[in-house]
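Remarks on the structure that follows.
The values are calculated or read from the model by the stated rules, or taken from the named source; none is laboratory data. In this text the structure is predicted, and so the values were computed from the model without any measurement. Neighbour counts run over all protein chains shown; Cβ positions are idealised from the backbone, glycine included. Ligands, DNA and RNA are stripped out before the accessible areas are found, and what is left, the full protein with its side chains, is counted by its heavy atoms. Shrake-Rupley method; radii C 1.70, N 1.55, O 1.52, S 1.80 Å.
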Amino acid sequence: MTHHHILVINPNTTVSMTQKIAVAARQAASPATRITAVNPSEGPKVIQGPDDGAAALPGLFDLFDRTLQANPKITAVIIACFDDTGLFELKKKSRIPVIGIGEAAYHLASITALKFSVVTTLSVSVPVLEDNLRRFGLANRCTKVRASEVPVLALEDPDSDARHRIEREIETALEEDDIGAIALGCAGMADLAKDLSKRFNIPVIDGVASAVKLSEISIR
């Protein structure tokens with residue numbers, strides 16, 4: 001059996017989010033797959049829109065280089081921000097597969113359904129996701145990128161109304177978008193996908209789990 005070692009990089013500096021992402025990744029991974037989850041020590045606490053994405057790049061690129069140098073047996077890298085921060089640059093330079101959780105969720109959603117919508121956090125992120133969909137060639141499969149207006153850090157706060165707002169946005173998408181799947185547009189939503197799939201009786205796709213599975217099959 002091939003033993004995979006997948007590096008999961010959360011490009012923001014919020015450790016609690018990295019820990020949540022690590023749990024979701026390990027739950028999705030095969031027993032023989034090793035998951036290492038890390039985040040930069042410097043940069044934005046959250047990535048909400050293009051300015052935060054740009055600010056995260058130096059820390060992300062440095063962490064990517066240092067970690068792969070220290071761990072040459074890593075077999076794939078997941079960029080665990082739904083904005084796919086730095087993904088295109090890292091794909092160009094990497095000798096091993098680099099997969100974004102946005103990228104993975106879009107592809108899985110497009111296989112699961114003819115049309116899908118994305119439910120993300122804030123409106124400031126919508127143009128970034130729409131541009132990525134175009135770059136991946138999947139814009140015509142996505143009916144709408146919807147903002148639930150949930151700040152990323154609210155997903156880390158059990159007392160917030162984040163889940164209610166996300167559910168309300170999914171309800172609206174199902175009423176208006178003529179879709180067969182939903183992609184959850186934030187790594188911080190990873191723990192909600194299974195429950196929301198059951199509640200709405202539709203595939204609700206988490207990018208972290210999607211990226212782990214795609215990483216495992218793309219590793220040579």
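Things to note:
- Candidates Asp131, Asp84, Asp52, Asp62 - the one that is among the charged types (D, E, K, R) and in contact with a Gly (Cβ under 8 Å, 6 or more places away or on another chain): Asp84
- Condition check for Glu169: in contact with a Lys or Arg (Cβ under 7 Å, 6 or more places away or on another chain), in contact (Cβ under 8 Å) with a residue 24 or more places away in the chain and either of a type in the set (Val, Ile, Thr) or more than 17 Å from Thr112 (Cβ to Cβ) (or both): yes
Results for (1) under 27 Å from Ala76 (Cα atoms); (2) open to solvent by 10 Å² or more (accessible area, probe 1.4 Å), shown as yes or no for each residue.
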| residue | (1), (2) |
| --- | --- |
| Asp131 | yes, yes |
| Ala147 | no, yes |
| Pro151 | no, yes |
| Arg163 | no, yes |
| Ile166 | no, no |
| Leu184 | yes, no |
| Ile202 | no, yes |
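- Options Ala173, Ala113, Ala193, Ala187: the member that is closer than 25 Å to Ile217 by Cβ and modelled with pLDDT of 95 or more: Ala113
- Listed by position, the helices (runs of 4 or more DSSP H) enclosed by the range 1-112 that each have at least 1 residues that are of a type in the set (Asp, Glu) and open to solvent by 10 Å² or more (accessible area, probe 1.4 Å) are 50-70, 87-93, 101-112.
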